[in-house]
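See structure below.
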Amino acid sequence: MQIEQEHPEDALAIHRLTEEAFKDIPFSQQTEARIVNALRAAGALTLSLVARQNGEIVGHVAFSAVRINGEPGDWYGLGPVSVRPAQQRKGIGQALIHDGLGRLKAMRAAGCILLGSPAYYSRFGFESDSDLHYGDVPPGYLQFLTFQGPAPKGEVTFHPGFDVS
């Protein structure tokens, strides 16, 4: 498997993969593919990584800048993460996340924030803190991983591309 930055000609394959990956997920509102497209159209994809096996895209992860207390900084949001259903639970998503986090560190990012399962993302070192908020998201599901500097505190704002319906 190879992990690399997406190429312009990958956009349709990423869209289809993301739709397929979230098709039967109960908590999904089926907006993930549109979110990736909106972030790409706005030039807001800081990192958009694909996993290829035998030349075929089998996974994708997006990272985009977030604001804390309305202020831009060096914090990035992780997501969506998509893996072809037949390839799930084989380490592709983990590899994409590890690679992306390594690239963010190399960019001297302060850290990464996400909305997701504490049981899954704690394996990467993500944690939650009551001093960090995102709307009415239940405690524990807004998580962060600090690379340098202090832990984030306050209200997180993701790019408007996440507000697709």
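For the chain, modelled as a GNM whose springs connect Cα atoms under 10 angstrom apart, the maximal fluctuation among ALA42, ALA62, ALA51 occurs at ALA42.
Calculated over the chain, the projected area of the Cα convex hull averaged across directions stands at 9.2 nm².
Would you mind getting me the FRET efficiency between LYS153 and GLU4? Use the beta-carbon distance for r and R0 = 41 Å, nearest 0.05.
Working: r = 35 Å, r/R0 = 0.85.
Efficiency at R0 = 41 Å is approximately 0.75.
Taking the mean number of other Cβ atoms within 10 Å as a proxy for protection, how do you rank 85-93, 137-145 from highest to lowest? Don't skip to the answer; put the middle values down first.
Values: 85-93: 14.9, 137-145: 16.7.
So the peptides 85-93, 137-145, ranked by packing, come out 137-145, 85-93.
When the chain is modelled as a GNM with alpha-carbon springs shorter than 10 Å, which of GLY102, GLY125, GLY111 fluctuates the most? Of the options given, GLY125 has the highest mean-square fluctuation.
Can you list the trypsin sites (Lys or Arg not before Pro) in segment 91-121 that are in a DSSP coil and have 10 or fewer other beta carbons within 10 angstrom? Before the final figure, lay out each step's value.
Numbers: sites: ARG103, LYS105, ARG108; in loops: ARG108.
Listed in order of number, the matching sites are ARG108.
State to the nearest 20 debye the size of the charge dipole of segment 2-163 about its Cα centre, where the only charges are +1 on K and R beta carbons and -1 on D and E beta carbons. Roughly 360 debye for segment 2-163. Straight Cα distances below 18 angstrom link LYS105 to none of the lysines, with same-chain residues fewer than 8 positions distant left out.
Bear in mind that the values in this text are calculations on the coordinates, not laboratory data. Here the structure is a predicted model, which means the values were calculated and not measured. Cβ atoms come from the backbone with ideal geometry, glycine included; neighbour counts cover every protein chain shown.
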